[in-house]
Amino acid sequence: PKDPAVTLLSNADGAAVADGAEFVERLVNQIASPVRWNACMATMAGMGVTTMIELTPGGTLTGLAKRALRGVKTVPLKTPDDLDAAREALK
C-alpha cells in the first residue's frame, strides 16, 4: 500500500503511522483489539492539533475531544450541511 499523504493515528495504541504497509497491518490487527481513543487524543495533543473534524457518523469522538482537548476546534460531520462549518474551522 502507498504511504498516506497525511499522518494517520492507530486506534490500537494512538501511535502516528506514516507507512502504508504498517498502517494496513495495524488496521487488520485492530479488529480484535479495543479502541484506545484516549491514546489517540494524547498523540493529537502532543502533535499540537488545533482542529478535529469527525467524519460520519459524527459526534461521539468530537464530544470526548471537547472535554479532553480543551481549545481544540471540533466539528462533527453528520450531514452535508456541516461541510461549511468544517471548512470554516480549517481557516
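Numbers at a glance
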quantity: Amide H contacts under 5 Å for E54, placed H, 5+ residues apart; calculated: V75, L77
quantity: Other-chain or far-sequence residues with amide H under 5 Å of L8's (modelled H); calculated: V17
quantity: Mean Cα-pair separation over length for the chain, i.e. relative contact order, pairs under 8 Å, 6 or more apart, %; calculated: 20 percent
quantity: Computed log₁₀ I(q)/I(0) - Debye formula, equal Cα scatterers, no solvent, the range 48-91, q 0.24 Å⁻¹; calculated: -0.78
quantity: The chain shape via C-alpha gyration tensor axes, a/c threshold 1.5; calculated: prolate
quantity: The range 21-58 residues near the modelled D82 label - backbone nitrogen below 14 Å, point 7 Å along Cα→Cβ; calculated: 52-58
quantity: Cα gyration tensor shape of the range 1-46, rounded if a/c is under 1.5, else prolate or oblate by comparing a/b with b/c; calculated: oblate
quantity: Extension gain, S33 back to A45 (0.36 nm per residue minus Cα-Cα distance, nm); calculated: 2.0 nm
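Values in this text are rule-based calculations from the coordinates and carry no lab data. Values in this document were obtained by computation on a predicted structure and should not be read as measured data. Every residue, glycine among them, receives a Cβ derived from its backbone with ideal geometry; neighbour counts consider all protein chains shown.
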